[in-house]
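Enquirer: To start, I am sharing the structure in question, which I have written as structure tokens.
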Amino acid sequence: DQQVKQNSPSLSVQEGRISILNCDYTNSMFDYFLWYKKYPAEGPTFLISISSIKDKNEDGRFTVFLNKSAKHLSLHIVPSQPGDSAVYFCAASAQGGSEKLVFGKGMKLTVNP
Amino acid sequence: KAGVTQTPRYLIKTRGQQVTLSCSPISGHRSVSWYQQTPGQGLQFLFEYFSETQRNKGNFPGRFSGRQFSNSRSEMNVSTLELGDSALYLCASSSMGRGLYNEQFFGPGTRLTVL
């Protein structure tokens, strides 16, 4: 039973264009959502997060949108850069503070120069 | 400030053996979580320790266990290794207690191969 789903395993975009990474969840108890980026041979690095009381959070080139009714969130990267090429994980947490993160299986983003 | 460190980085064991992995959290962080990453399942939560007590547990068999010491360092043990235990084991630390969401900082992981 996968509670956090990243249905597309990979995405390829041109440098300078927008990258949109999608994530769906099934558990209504999730109230905090995060995106992590992972390079090979390194641990995941926190990118951006959003609380369920918001529908948008922006940090520089990265914006996360949350649609609670659809149980869907997306990460927008504008403009995309070759250094953004990595595996991106969507994660969710329930009950306002649990350290237990439920991760999606990840999506490999490739940004071509 | 030093990041999360994990030792060893790579480990090769045979079926039936046991293994102990170590994690040192960021200084001042009291919560340590362990995750298993495999190509088919992604990252799966194993357990979390806070102030030497297991606070959360994932859906893994009893062969997987852990503990946390008074200095917040944590160890994870897997007994009677199976081929399917081959994975990247990630440790993450965070600073605050229950009730407030805390960003988790991950270590580089220990790559375990079971032959």
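Enquirer: I'd like the accessible area for B:Thr5, computed on protein heavy atoms only with a 1.4 Å probe and all protein chains in place. Round to 10 Å², please.
Expert: Roll a 1.4 Å probe over it and B:Thr5 shows about 70 Å².
Enquirer: For chain B, count the residues as N, evaluate 2.2 N^0.38 Å, and divide the Cα radius of gyration by that value, please. Could the numbers behind the result be given before it?
Expert: Numbers: Rg = 13.4 Å, N = 115, 2.2 N^0.38 = 13.4 Å.
Compactness ratio reported: 1.01.
Enquirer: Taking 7 Å along the Cα-to-C-beta vector as the label spot, tell me the A:Gln14-A:His76 distance in nanometres, rounded to one decimal.
Expert: 2.0
Enquirer: Here's another thing I want to ask about it. Could you tell me the accessible area of A:Tyr32 in Å² (1.4 Å probe, neighbours in place), rounded to the nearest ten?
Expert: 60
Enquirer: Expressed as cubic angstrom per residue, what is the convex hull volume of the alpha carbon set of chain A?
Expert: Spelled out: Cα convex hull of chain A, divided by residues, is 100 Å³.
Enquirer: I've got another one for you. Need one number: buried accessible surface between chains B and A, 1.4 Å probe, both sides summed, DNA, RNA and ligands left out, in Å² to 100.
Expert: Chain pair B/A: roughly 1800 Å² of buried accessible area.
Enquirer: Could you report chain A's accessible area per residue, 1.4 Å probe, as an integer in Å²? Don't skip to the answer; put the middle values down first.
Expert: Details: 5300 Å² over 113 residues.
Accessible area per residue: 47 Å².
Enquirer: Please give, to one decimal in nm, the separation of the simple spin-label points placed at A:Ile53 and B:Arg111, each 7 Å out from Cα toward the Cβ.
Expert: 4.3
Enquirer: How large a share of the accessible area of chain B, in percent, is made up of carbon and sulfur atoms when the probe is 1.4 Å and the other protein chains stay in place?
Expert: Working: 2650 of 5360 Å².
Carbon plus sulfur share of accessible area: 49 percent.
Enquirer: Normalised by the empirical 2.2 N^0.38 Å for globular proteins, what value does the Cα Rg of the protein assembly as shown take? Before the final figure, lay out the partial values.
Expert: On the way: Rg = 17.5 Å, N = 228, 2.2 N^0.38 = 17.3 Å.
Here the Cα radius of gyration is 1.01 times the empirical estimate.
Enquirer: On to the next question. Say R0 is 25 Å: what FRET efficiency, to the nearest 0.05, do A:Tyr39 and B:Phe60 get from their beta-carbon distance? Write out the running numbers ahead of the final one.
Expert: Working: r = 26 Å, r/R0 = 1.05.
So the FRET efficiency works out to roughly 0.45.
Enquirer: Looking at chain A, how many pairs of lysines come closer than 15 Å at the Cα, when each pair is eight or more places apart or spans two chains?
Expert: Lysine pairs, 8 or more places apart or on different chains, close enough: 12.
Enquirer: Starting from 0.36 nm per residue, how many nanometres of slack lie between B:Ser27 and B:Asn71 once their C-alpha separation is accounted for?
Expert: Working: separation 44, 0.36 × 44 = 15.84 nm, distance 0.91 nm.
Value of the extension gain: 14.9 nm.
Enquirer: Computed FRET efficiency, Cβ-Cβ of B:Thr5 and A:Ser28, R0 41 Å: what is it to the nearest 0.05? Let's see the in-between values first.
Expert: Values: r = 37 Å, r/R0 = 0.90.
The calculated FRET efficiency here is 0.65.
Enquirer: When only C-alpha pairs under 8 Å and at least 6 residues apart count, what is the relative contact order of chain A, in percent?
Expert: Numbers: 275 pairs, mean separation 41.5, N = 113.
That works out to 37 percent.
The values are calculated or read from the model by the stated rules, or taken from the named source; none is laboratory data. Every value quoted in this text rests on a predicted model; they were computed, and no experiment measured them. For neighbour counting, all protein chains shown are included, and Cβ atoms are generated from backbone atoms with ideal geometry for every residue, glycine included. Keep in mind that these areas ignore ligands, DNA and RNA; they rest on the heavy atoms of the full protein, side chains included. Shrake-Rupley method; radii C 1.70, N 1.55, O 1.52, S 1.80 Å.
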